[in-house]
Every structure is written in structure tokens, then in C-alpha cells.
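The values are calculated or read from the model by the stated rules, or taken from the named source; none is laboratory data. Computed from a predicted model, the values in this text were never measured in an experiment. Here the Cβ positions follow ideal geometry from the backbone for every residue, glycine too, while neighbour counts run over all protein chains shown.
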Amino acid sequence: MPYDHAAIEARWQAYWDEHETFEAKVDRSKPKYYVLDMFPYPSGSGLHVGHPEGYTATDIIARYKRMKGFNVLHPMGWDSFGLPAERYAMKTGTHPAVRTDECIANFKRQLKMLGFSYDWSREIATTDPGYFKWTQWIFLQLWGAFYDREAGKARPIAELAIPTEVEAEGPAAVRAYRDARRLAYLHEAPVNWCPALRIVLANEEVAEQVEAGNEVIRVPMKQWMLRITEYAQRLIDDLEGLDWPNSVLEMQRHWIGRSEGAEVDFQVQGIEGEEGRLRVFTTRPDTLFGATYMVLAPEHPLVARLATDAQREAVQAYVEATARRTERDRQAASAEGEKTGVFTGAHAINPVNGEAVPIWIADYVLMGYGTGAIMAVPGHDTRDHAFATTMGIAIKQVVGPVGGGEVDVQAEAFTEQGVAVNSGLIDGLPTAEAKAKITAWLAEQGKGEARVNYKLRDWLFSRQRYWGEPFPLVHKPTPDGGSEVAPVPTADLPVGLPEVEDFNPSETGEPPLAKATAWVELPDGSRRETNTMPQWAGSCWYYLRFCDPRNADAPWSDEAQDYWMPVDLYIGGAEHAVLHLLYARFWHKVLFDLGHVGTREPFHKLVNQGMILGATYVPKQGQPKGEVKRIYVADDIETLGEGENVEYVHKQTREPLTIQWDKMSKSRGNVINPDDVIAEYGADTMRLYEMFMGPLEASAPWQPEGVNGCFRFLARAYRLFFEQGKDGAADAVREFAEGEGTEDQRRLLHRTISEVSERIERMSFNTAISSLMVFVRDVEKGGARLGKAAAETFSVLLAPFAPHLAEEFWRALGHESSLTYAPWPAADESLLVEDSWTLVIQIKGKKRGELQVPSSLDPKADREAITKLAMASDAVERFVGDAEPRRVIYVPGKLINVVP
RNA sequence: GCCCAGGUGGCGAAAUUGGUCAUACGCGGGGGACUUAAAAUCCCCUCUCUUCGGGGGUGCGGGUUCGAGUCCCGCCCUGGGCACCA
């Protein structure tokens, strides 16, 4: 019988389960290693081959680290709240919990088939009440805290100092004072309402729905917000020291979007004092002298007051028109260069030169950033330039190029740094100095101050959905006829989801939970909060729960958290580069401030695995315009020719096609199902191929022929250990030679140990596998019987990649138990050294010969002897002759370069 | 437009800090062995030109260096992200 992967894999999966081989326990005598996958949303369609790429990588590391003596935590769970289950419920009436359980079961079956070494006793699901009890608990920590800017950290709200004048106004005022400072707060604001889905979308979710053809409009609604903006600076600062891909670090920094500048006060003409103070934010205070107009966002509170009678109607109309458009929509149109806006009729005084500048409103200024108002400097800002040109507003030059020279700001804005001109007290100063000087001057005059702004906005945290964590809050009537928010006591958590008949929100946006009146209305007259949390909530802290997943009294114990955290290696898709990682970091920092965790950052090393691409076939001539795009899958096509002359045509139409590689998706029909691959080749082959395709971080196409190559390698290895049984008899274990076999085998073995170890450490799995392939090939080629010790070592080296087959080998060698905790071998350095080494002889940088140098000559110490040897070589004689070389470069152990 | 990553054989890809031979390993292709035959397996060849001495070649054009896939400058292309953030 040849390599019977199905039987072998079933046997070892059962063994691991039965022996609880991968269960992790806190053990302070060993160093720990926490290796985590981004847990999946268990979708109805099951795993595709893209999922196991990252999972295989973490599994290799987990298994390698165990053999290196680490106590490894390698858990898996389910990010199981989510919209698909809810939509499925709306369509079929099946409760989301039922559907979710089915999907989880399927995912788990598939993952188990791949032989991943997860500690399944730690399995968690975010939808499990035993889990979301603590999600709710963490929310209450946020609700119960404020950010102390002076201390630079969050503190319990009870410690917030209440000003005496507030105290004097009574409990309602104190409550309001506190509520306005909590890290979780209610905020009425225009939100992105999607009528088709009947849900509110976060800004970052709008694009996706608009692309899907769903309308998104703005409506005001009361929403729970989380004060992530207070952490903006720390979220930037603490990126330092993380071992993360540069691209992710950059994306996070850009998302947070720190910018330094100044706030400047303009005084509106005709409105005295504080009320008429119009504050703007600018990163270029040095261009203040070039401000020829101002712009307010249409939502700016001062807009209504500023509009003069003559302009009131136009202003009103503009404000209403923009209110209907989503922020994204506004930005998209305007970014094309279409600038719209209306003059308010009012003017304000420029504090640096006393000039009166007109005040406009325009939607290219956003209320959510800075102060919602700008000074416009068309000479030195592209957007202002476009607007001024459209509206016929004056453009003034106040910065010139450093080396002198002319620029025409009428034609195009000069946005670079330079030297201030036409700018009074800062004339002649380079931009940086001009900024500093004018900012200092403004501060002195009480007309402005230096200021740092961030693009990051507070996090819209409530959703009008059923399938999410309920907020552990109630709205309690107060004696004055109002209501106050009160937490559900920890002892009463979790707040579970009520049974409902209908999972749809109402047309007005009332969440589905609002219809469960028996659940909403409490005996004391309080009403439960009916929003639910977004899907991000559960994934913000699951890595902490994995440390102590069955704890019923706390989200985690100090002991477990202190031992396992931080996550040493975190692998997942690049699509989570910003939001998930930012939100999780934010929660972690709040928990850190409040003393619940001991680490500032949760994830030490982060790796994004690349995408696995699937094949589709499209017309070679390109898609005809105006027609529905034609995309075909492998079943539709016929392959003609071979090698470099390969051609694809459609089976029926004979249309010439060309292959195209895309992200795998159901809609494209280019998905490969792991079940099929495993059935044909086995999990070990599948794991091996996924890693052999190329570097983990790179995207690569799934090529079925490549899978076969990996299978062939395992089958070869199998034949190294087993002899085919005659006439249907079981395969017999081969006889092995003594020890590490022949001298050649020993050397080969130790080189393989050295290479595989080093390449796993570098996570260069494709090249590590190549070393293993070379080992098998060369042992075969050598023809001698493999030494038993060498066979054992090889099994260990293979185990992280193809664990089932490795276990099979291990047992064949006479071991009773699993090789999971067998020690990782160390290479004998002395065997890596050859008898002689090759010195390359170059003449003027070109290779002209080589020389075998005996190992008795040390590359470094015997420099002179080696040089002498080289100078006497044929190559030097031929190309240099007797002439004295101008230069001789000797690279120890590598080459000698003679320049005549 | 801006930011990040990347461009190496017919294909997936190798090449510690600039240092031998660019193209390991695998796929595909060609030739052969075994077989009645096929599958499986095994062996050899597989960047290119060549007058067989050697020459050229890592997206393109320059540069630094004794020596560049690797470093610098300027382009081109592909993928990902951001995109009126004042």
C-alpha cells in the first residue's frame, strides 16, 4: 500500500484528541509562547483554502516552539456575532444562534481535519453568554471611567473631581457632568443610515454598502460612542517597539492622522466678544497673511447667525442640500475638483493684519475635523485655490521658493515650504521659523495657540441589530421627568438576548430588540437599552479570554494574564490592519489604565499572510464595452498546447481566453474547497503546499499541479521509512542503519537541521521545506540505508509541517508516544565544515577560476598563505601575468579579487 | 494625487550583512528506463546567444564600487491602502 494519508491522519487526530496533547497550562518553570490566529467569522460556506494559510503558519511555529521547550498557548475560537446569521434569520426564520452553531460545527470539523495543534479546551465563541458576559463587563469599565488628561490615563469616574458650582446645581447637574466625560457616552449626531439594511453604519462601513448599491443617507440619532480620540497620541507612540509590518504601522499612523498647527481666532464683524469669535485650525499659520476668505462647514453652529438677510435663503438652501448627502458622497464629488459653496454675507477680521475677509460656507470643510472652520489661503492650498478660482476670490502670495525665484500663485497654489513674503513680522523667515514665530505672537496677543489635531474620530459603538451583545444598561426615569442611564449590576450579567418573532428593525430605525417589550420594560419602570454592540466588540479582547477561558468569576485571572500576555505572534489578514487592531489596542490600553492587564500593547509581533488567488478565465480580446462581463471558471474551458504555448478557449464558443488571478470569492466561482484537497491528497500535503507556494506574506495563485509535487515529496519520504507490503500485506518498517548513518548522511542531516531551524525562525517556510526535500532526495541518491538516529531527527524536523506523517514515522521508529514534545535537534557545527572550501578567483571582478583550499587553512587567520596560493594560480598567471597587481581584495572564505 | 509593498526562467519562487556559479526547491516541458500497456516510480536535459574561446542576462535609463538582483538618482508597470483632514 502506498502512502495512505487518510488512515494516518485519522489515526493521529484521534490520538491527539484522546491524549489532550495540546492542552496548555500555566507553568512558570517554562518560558511561554502565545501564538494566535485572527479568529474567523464562521460563515455558512465554510473554509476556503485561504483560511488555512495563516493557520498553518501559526501551527508550524506552535509545534516548533513546543519542541524547543516553550510552553505554548495556541487557541482557536469564533467571532460569531455577525450580520450574515442575522440576514439568514430574516430570510428563513432560523434563529441566528442555531445557524451560528451549525456553522461553527462545520468550521471546527474542517480545522480539525487539517491537524492544527489548537488547545480545543480553550475554544470560545463571542456569542456564548459566558463570553459576552465579560464583553458587557468591559463595556461597563469604559462607561465607568473618564480620561484624566493630566495623568494621561483613564480613571474610574468616581474619582472625577466635580467643580463646586456643578455640585451646587444638584444631582442632575453632577450626573450630566459625569456623563459628558465617560469613555462611553451617548451622542446625538447625524449617522449613516442605510434604509435597505435598516442599520446605522460606521463611517468606515459606508463605502462597502455604497459599492453594493445600497443608499446611505444621514439622519440624526442617539448613539453610543467610545472616546478613542483621547488615546490618539498613545496609540501612535506605542507603535514604537512593535514588531509589525511597516505597512500596517503606516496605515495606523495615517488613520490616526496627527497634525501639528495652530488655532487662530478671527472676530466676526458686527458680533462683539466671545460670541463672534470664529476659531480655525491651520497647519500653516505662516500663511495667515494670505487668507483672503474663510469657510465654515455647513453644520457649523455660527452659520445661522452669520447669514445676512440678503444671503439667508441661499445659505439655508445650501445647508439643507448638504445635510441630505453623506459625508463620503460630499467628499467624492468635491475631491474631483467640483467646489460648491455660498457666501454668508458676513466678514471677519484677520488678527494679523486687521483685514476684513468674507465668510463662506462650503461642504469641502468638514465639521468633524478641527473646529469645522478654516481660513482659506488660495495661494498656498490646492483646495482653497480651486474654490477661489471658481468663486472669483482674490489669491495672494505670501510664501516664495527658498532660493528666490518666481511662482505664479494665480495659476496654481504653491504648497511647498519656502520663505514668507508680504507677511509683516515674519517676512523673510523660512516656513518652519515663520510658523513658530507667528504662533508665539498669536499666543501673546491672546488670539491663538499651538494645537495638535487628529483625524481619528470617536468610535460609533451602537448598532440597530439583533445579533450582537446587548448593552448592560438601563434607562431609569428620574423624579424630574427625565431619565438617567444606569448600569446593570455585574452580578446580573450577562444581559441575554430576548427571543423575538421578527429580526427586522423598524422602518424608523428602532432596533429589533425594542419590539421585545417584556424584555425591555423592567418592573421598576426602567427600560433596557435596545441597541447592540458592533461585531468588533467581541474581537477586541478575545486574546485575553483565551488566557483563562472558563473563568466564571472574572474575565481572566491575574495569574493567567500575567503569564501568557502579550501575544508573541499574531497572524491574520491585512484587511484588519487598521480597525480591528486599533480598536483592540484601544480597549487594551483602557484595561491597562484601570489595572486589569499588565501590558501596554497586546500583540508583540504581527504578520499578515498573503492572499491565495483563484483562477478565472476572461476573453483575450478584453471585455466588450456595454456588455455583461464574461468570466469563466476552469470547468468552462479547454486547455490547448503546453508550456509557453499554452492557450485557453471556451469549450463551446471556442472564444480565446486568458487566465486571470483574483481573490477567491463565491461570486467569482474560483474558490477551492479544502475538503476536496484533503480527500485527494491529505492534510499534510495541503499544509505543505500552502507553505511551499511562496513567502507567507506574499499573495500567490493556487495551482493544482503544485499540490501534487508536495504529495510526491511526502510519498518519497514515506518510502524512506516503509517498504511496500507484498501481495496486499501491510507496509513494513524498513531496517535502519546504526546512528546517523554514513558520513555523507551525517553531514547532510546536520546541514538540514541547521537550515530548517534557521528558516523556521525567519518564517521562511518555503525554503525550510526545500531543505527537507533536498534531504530526502540526497538520502535516496546516496543509496545507503538511512541511519536510525538520522531518521528520528528527520521526523522531528518534518513534524511542524506534516505532523501526521511525522508521528507515523516516529511510531515506526519504536516510540510509544507522540513526538509533539520531542526535543528539537541542534546541528553539530563541526559537521557543517567541509574538508576543503572553494576560493573563487576573480580578475577585475570577473570570475576566472577557483581554488580548493584545505580546511586546515583558516579563512581569516591564514590570510597571507591563502593569498599566496591564489596569486600562484593558473587564472592569475593567465590574466595578470607577472605584473604587480594594483589591488588585491580578499573576502575571507569566499573569494579573492585581483585588479591588474 | 499621496503613502506602503513588489517587479528575477514557460509558472510558484531561491540567493545571511554588496562577494563564487544568478535562478536552489517545486511545477510545467523534452528525452530515456521499467511495463504487453497505462498509472506510479527512477535517470538525464531545460535563461539566452556562440565561430565552443567566450559573450549577454534579475522592469527601463543612469550612477557608486575591485565587485550590484542587493546600495544611490530618475522613470515605467503591478498589487494594497488613503484620498477635500485645512
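Results for (1) in contact with a Phe, Trp or Tyr (Cβ under 7 Å, 6 or more places away or on another chain); (2) over 30 Å from A:Ala89 (Cβ atoms); (3) in contact (Cβ under 8 Å) with a residue 60 or more places away in the chain, shown as yes or no for each residue.
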| residue | (1), (2), (3) |
| --- | --- |
| A:Tyr34 | yes, yes, yes |
| A:Phe39 | yes, no, yes |
| A:Gly46 | yes, no, yes |
| A:Gly50 | no, no, yes |
| A:Thr56 | no, yes, yes |
| A:Asp59 | yes, yes, yes |
| A:Arg63 | no, yes, yes |
| A:Met67 | yes, yes, yes |
| A:Phe70 | yes, yes, no |
Anything in segment A:777-793 that is under 16 Å from A:Glu743 (Cβ atoms) and of a type in the set (A, V, I, L, M)? List them, or say none. A:Val779, A:Ala784, A:Leu786, A:Ala789, A:Ala790
Could you please give the count of residues in segment A:664-714 that are near RNA strand B (Cβ under 8 Å from one of its atoms) and under 24 Å from the mean Cα position of the chain (by Cα)? 9
Options A:Trp134, A:Trp193; residue that is assigned to a helix (DSSP H, G or I), at negative phi and within 35 Å of the chain's Cα centre (by Cα): A:Trp134
Could you look through segment A:378-401, keep only residues that are within 14 Å of RNA strand B (Cβ to nearest atom) and of a type in the set (Val, Ile, Thr), and pick out the one that is surrounded by the most Cβ atoms within 10 Å (Cβ to Cβ)? A:Val399
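Confirm whether A:Arg751 is within 38 Å of the chain's Cα centre (by Cα) and either within 16 Å of RNA strand B (Cβ to nearest atom) or at pLDDT below 95 (or both). Quick ask: steps written out before the conclusion?
Values: within 38 Å of the chain's Cα centre (by Cα): yes; either within 16 Å of RNA strand B (Cβ to nearest atom) or at pLDDT below 95 (or both): yes.
Judged against the criteria, A:Arg751 is a match.
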Restrict the check to segment A:202-214 and report whether at least one residue is closer than 21 Å to A:Thr530 by Cβ and in contact (Cβ under 8 Å) with a residue 24 or more places away in the chain. yes
Being hydrophobic (A, V, I, L, M, F, W, C), more than 16 Å from RNA strand B (Cβ to nearest atom) and either farther than 24 Å from A:Glu780 by Cα or free of Cβ contacts under 8 Å to residues at least 40 places away in the same chain (or both) is the requirement here; does A:Ala737 meet it? no
Take the residues of segment A:142-171 that are assigned to a helix (DSSP H, G or I) and in contact with a helix residue (DSSP H, G or I) (Cβ under 7 Å, 6 or more places away or on another chain): which is farthest from A:His187 (Cα to Cα)? A:Glu167
Per the filter on segment A:402-417, residues surrounded by 14 or more Cβ atoms within 10 Å (Cβ to Cβ) and over 38 Å from the mean Cα position of the chain (by Cα) are A:Val407, A:Val409, A:Gln410
Run down A:Ser830, A:Ser771, A:Ser795 and say which single residue is within 14 Å of RNA strand B (Cβ to nearest atom), hydroxyl-bearing (Ser, Thr, Tyr) and in a helix (DSSP H, G or I). A:Ser771
Among the residues of segment A:180-198, are any farther than 25 Å from A:Thr508 by Cβ and either small (Gly, Ala, Ser) or modelled with pLDDT under 90 (or both)? yes
Filter result for A:Leu688 (closer than 24 Å to A:Ile760 by Cβ and in a helix (DSSP H, G or I)): yes
Among the numbered criteria (1) buried (at least 18 other Cβ atoms within 10 Å of the Cβ); (2) farther than 30 Å from A:Glu559 by Cα, which one does A:Glu507 miss? (1)
Only unsatisfied item for A:Glu559, checking (1) in contact with a helix residue (DSSP H, G or I) (Cβ under 9 Å, 6 or more places away or on another chain); (2) outside any loop (DSSP other than H, G, I, E, B), is (1)
Members of segment A:223-262 found to be of a type in the set (A, V, I, L, M, F, W, C), more than 8 Å from RNA strand B (Cβ to nearest atom) and either under 16 Å from A:Leu606 (Cα atoms) or not in a strand (DSSP E or B) (or both), listed by number: A:Ile228, A:Ala232, A:Leu235, A:Ile236, A:Leu239, A:Leu242, A:Trp244, A:Val248, A:Leu249, A:Ile256
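From the list A:Glu735, A:Glu758, A:Glu816, A:Glu740, pick out the single residue that is buried (at least 21 other Cβ atoms within 10 Å of the Cβ) and of a type in the set (D, E, K, R). Walk me through it before giving the result.
On the way: A:Glu735 fails: buried (at least 21 other Cβ atoms within 10 Å of the Cβ); A:Glu758 fails: buried (at least 21 other Cβ atoms within 10 Å of the Cβ); A:Glu816 fails: buried (at least 21 other Cβ atoms within 10 Å of the Cβ).
After applying the criteria, what remains is A:Glu740.
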